[in-house]
Amino acid sequence: MKQKAILIISVVVGLLAFIMTNHYLQSERDKLYADAEEVEVIAASRDIPAGTELKLDDIGIMTMYRKRGGFSADYVIPKEKDKILKRKLLFTVNRLKPILWSYVEAPEGVRSGLSPIIQPTMRAISLAISGEATVSGLVQPNDRVDILGTFSFPSRTNAKEMETVTLTLLQDVSVLATGSRLAKQEFEGGDRWSRGSAGGAYSTVTFEVTPREAELLVFVENMKGHLTLSLRNPGDVSYESNLPEVNFEMLEKELPQLNLYRQDKIRHKGGN
């Protein structure tokens, strides 16, 4: 009799726990979707390998929840399905997964943005540089610049001390974009600029670099140093070899010589 009572109590407790858990989960679900609405998107009706040319029987419609105003424009909605038919998939899409615009090959001549600008074997990389570090915002797309960095390093003479060093990281680098203003593109009716992005009103600069240079720039930016651009004449393809690291000791030693060079080779160049 006692064992039977224990069994009944266990069953009742289990049912109560199940009911309470279900009530809690339902409550949390209601909170999660309180500010959401259902939306239909195009999805894969089967596992579709990359490179497949999409056909009508490859796609279907699935329902998703979205927060109001938070739906990504990368989703394909049902009324847009005809635009992706007969286009190749760039990536494999599994069954019942949404098909995004970024998964579908763009038609020839339609692709726009930054990627067509980049030369083969090169890369685009953006760095947080603005204001006075971009020659008062006068650096613009298609310009050529040198990239300088100023960092705090452990002193070579005293490991317990830090010293500030400035050095030229890269020379003669192409500027692809300032903010969202792109280079090397011509359009009917003028420039395709983001309004308000001209004349120094940007906080990033995008460069065309090699993969090795991209690694270097990512590393130095994450060292929390200060990056500065020096602007070049567009026809200047010269390269300055053996540029020194500038620190306080170098300034004391080389400053007089630098000024003499300026007077002899620059200021009075050509007998002026």
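What follows is calculated from the coordinates using simple rules that are stated; it is not laboratory data. Being a predicted model, the structure only gives us computed values, none of them experimental. Methodologically, a virtual Cβ is constructed for each residue, glycine included, from the backbone with ideal geometry; neighbour enumeration extends over all protein chains shown.
Some observations on this one:
- Prolate/oblate/rounded label for region 115-241 (Cα gyration tensor, a/c 1.5): prolate
- Straightening the chain between A128 and T150 buys 6.5 nm, computed as 0.36 nm per residue apart minus the Cα-Cα spacing.
- Summed residue charge, Cβ within 12 Å of E163's Cβ, Lys/Arg positive, Asp/Glu negative: -1
- Charge context of S238, other residues only, Cβ under 9 angstrom, K/R +1, D/E -1: -2
- Gained length - L231 relative to N94, 0.36 nm times residue gap less alpha-carbon distance: 44.4 nm
- Between A106 and L56, the FRET efficiency estimated from the beta carbon spacing at R0 = 22 angstrom works out to 0.65.
- A simple spin-label model places the labels of I19 and D47 4.4 nm from each other, with each point 7 Å out along Cα-to-Cβ.
- 15 Å beta-carbon shell around I48, net charge (K/R +1, D/E -1): +3
- Length released on extending from K81 to E163, taking residue separation times 0.36 nm less the Cα-Cα span: 23.5 nm
- Sorted by Cβ density within 10 Å, fewest first, the residues L90, L170: L90, L170
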